[in-house]
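*Asks:* Can you keep this structure in mind? I'll have questions shortly.
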Amino acid sequence: MRICPAQPHDLAKLLAFRQEAAAWLSRLGTDQWQRPYPADRLLATIQAGTVFMVMDGDTTAATITVSREVEEGLWTEQELSEPSSYVTKLTVARTHAGKNLGGRLLDWAGDRAYRVGAKWLRLDAWTTNEALQRYYVRQGFKHVRTVWEGDAVNGGPRVSGWLAQRLAAPASHGFHEDTNREG
């Protein structure tokens, strides 16, 4: 499998990929990702070079966004002063589930973060999705805190405020990389 940056022509594919994940999450009984993701926001992150796709031949097996940018209101000023990379929108196709692809992607992201001088690989997870939170803990992340308030964008309680981090570190992930090392 190879990992490569998403391109603007991948937008429709990635939006459909997210819809597939939202339908699966709904069947599991969680409200995570039930609101459609704005295409213009996804396109902006693709154009910024922070969205990556794992390709299994011609099939998109997974996607992840890794950035130095962070959603406002989640991390403290002290935490923001520490060099970090942030993971968002990690999604694995149902056809590739159960193969530790998500774990390998987190290792890849931690390795990428380490190579650009980050101390931490950080993420925020859906506040009410306890199964997802347990998954991240099994992947070596430590829960920092849960932020409940302050979702100014949607005018309600924060839905993705479970914060976790693990040290950025070199890792063997097994992907062939078609990426640059910035991140």
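The values are calculated or read from the model by the stated rules, or taken from the named source; none is laboratory data. Keep in mind it's a predicted model, so treat the numbers as computed, not measured. Positions of Cβ are generated from backbone atoms using ideal geometry, with glycine treated the same way; all protein chains shown enter the neighbour counts.
*Asks:* Taking residue 77, is it at pLDDT 90 or above, out of contact with any Leu (no Cβ under 9 Å at 6 or more places or on another chain), of a type in the set (D, E, K, R) and surrounded by fewer than 18 Cβ atoms within 10 Å (Cβ to Cβ)?
*Replies:* It is true that residue 77 is at pLDDT 90 or above, out of contact with any Leu (no Cβ under 9 Å at 6 or more places or on another chain), of a type in the set (D, E, K, R) and surrounded by fewer than 18 Cβ atoms within 10 Å (Cβ to Cβ).
*Asks:* Quick one: would you say residue 125 is free of Cβ contacts under 8 Å to residues at least 40 places away in the same chain, within 26 Å of residue 19 (Cβ to Cβ), in contact with a strand residue (DSSP E or B) (Cβ under 7 Å, 6 or more places away or on another chain) and small (Gly, Ala, Ser)?
*Replies:* Criteria met by residue 125.
*Asks:* Please go through the range 94-126 and pick out each residue that is assigned to a loop (DSSP other than H, G, I, E, B), over 12 Å from the mean Cα position of the chain (by Cα) and surrounded by fewer than 20 Cβ atoms within 10 Å (Cβ to Cβ).
*Replies:* Once the filter is applied, which keeps residues that are assigned to a loop (DSSP other than H, G, I, E, B), over 12 Å from the mean Cα position of the chain (by Cα) and surrounded by fewer than 20 Cβ atoms within 10 Å (Cβ to Cβ), the range 94-126 yields 97, 98, 99, 100, 116, 117, 119.
*Asks:* Specify the residue that is surrounded by the most Cβ atoms within 10 Å (Cβ to Cβ); the eligible residues are those in the range 50-69 that are touching a helix residue (DSSP H, G or I) at 6+ places or on another chain (Cβ under 7 Å) and under 22 Å from residue 118 (Cα atoms).
*Replies:* 66
*Asks:* May I ask you to list the residues in the range 157-173 that are of a type outside the set (A, V, I, L, M), outside any strand (DSSP E or B) and at pLDDT 90 or above?
*Replies:* Answer for the range 157-173, where residues must be of a type outside the set (A, V, I, L, M), outside any strand (DSSP E or B) and at pLDDT 90 or above: 170, 172, 173.
*Asks:* Still on this model: Within the range 17-58, track down each residue that is in a helix (DSSP H, G or I) and at pLDDT below 80.
*Replies:* 17, 18, 19, 20, 21, 22, 23, 24, 25, 26, 27, 39
*Asks:* For the range 117-133, which positions are modelled with pLDDT under 95 and either out of contact with any His (no Cβ under 9 Å at 6 or more places or on another chain) or closer than 17 Å to residue 70 by Cα (or both)?
*Replies:* If the condition is that a residue be modelled with pLDDT under 95 and either out of contact with any His (no Cβ under 9 Å at 6 or more places or on another chain) or closer than 17 Å to residue 70 by Cα (or both), then 124, 125, 126, 127, 128, 129, 130, 131, 132 are the ones that fit.
*Asks:* Please tell me if residue 82 is surrounded by fewer than 18 Cβ atoms within 10 Å (Cβ to Cβ), modelled with pLDDT under 95 and on the phi < 0 side of the Ramachandran plot.
*Replies:* In short, no.
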